[in-house]
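Quick one: this structure, given as structure tokens, is what I'll be asking you about.
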Amino acid sequence: MDEGSERSPASIRVQRRIEWPDTDASGHWHNTAAFRLIEVAETALLERIGLLGEIYGRLPRVHITADFQRLLMFRDLLDCHIIVARIGRSSITYHFEIRRDDEVCVTAEVVATLLTPDGQPTEWLETHRDRLLGAGPQSPELLTVS
């Protein structure tokens with residue numbers, strides 16, 4: 001393969017803020033907000049690589065592990081990064097990270113399983129596998145900050 005033509009796994013960065021429903025009365029975020037942000041980043045990634053309409057809704061998360069390293073607060077601006085780590089026969093594993101500025105706040109590993117329309121695990125199509133493992137970094141989805 002020529003230098004510069006190497007392919008890399010699909011990834012994207014999306015920015016979001018911690019909003020009021022993500023917090024408790026003190027303004028500290030609920031850890032469950034991370035799981036919603038995983039879905040936001042996964043949706044943006046699948047949309048950018050052209051797979052959203054084909055597989056979303058048939059890709060439930062079956063395992064999530066997360067490490068919460070920093071407290072987040074109401075209105076914090078976050079960078080949420082997701083990258084395809086592995087593709088199995090019917091599974092996909094993502095690595096996910098939330099940063100505030102350059103500070104890592106959350107790391108997670110997420111496993112999802114591709115299902116048929118009637119809910120049975122199914123193998124990835126080679127074209128899907130190729131996009132997921134070779135699309136590389138996608139343009140970020142950034143908030144306008146003034």
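Pick from Ile38, Ile12: which is of a type in the set (A, V, I, L, M, F, W, C) and either outside any helix (DSSP H, G or I) or modelled with pLDDT under 95 (or both)?
Ile12
Working carefully through the options Leu45, Leu78, Leu59, find the one that is part of a helix (DSSP H, G or I), of a type outside the set (Lys, Arg) and either touching a Ser or Thr at 6+ places or on another chain (Cβ under 9 Å) or crowded, with 19+ Cβ neighbours inside 10 Å (or both).
The conditions single out Leu45.
In the range 63-75, how many are farther than 16 Å from Val14 by Cα and either within 14 Å of the chain's Cα centre (by Cα) or outside any strand (DSSP E or B) (or both)?
9
If I ask for residues that are under 24 Å from Thr65 (Cα atoms), surrounded by 14 or more Cβ atoms within 10 Å (Cβ to Cβ) and over 15 Å from the mean Cα position of the chain (by Cα), which ones from the range 122-146 would you list?
Thr122, Trp124, Arg129
The values are calculated or read from the model by the stated rules, or taken from the named source; none is laboratory data. Model, not experiment: these values are computed from the prediction. So basically every Cβ, Gly included, is an ideal-geometry build from the backbone, and we count neighbours across all protein chains shown.
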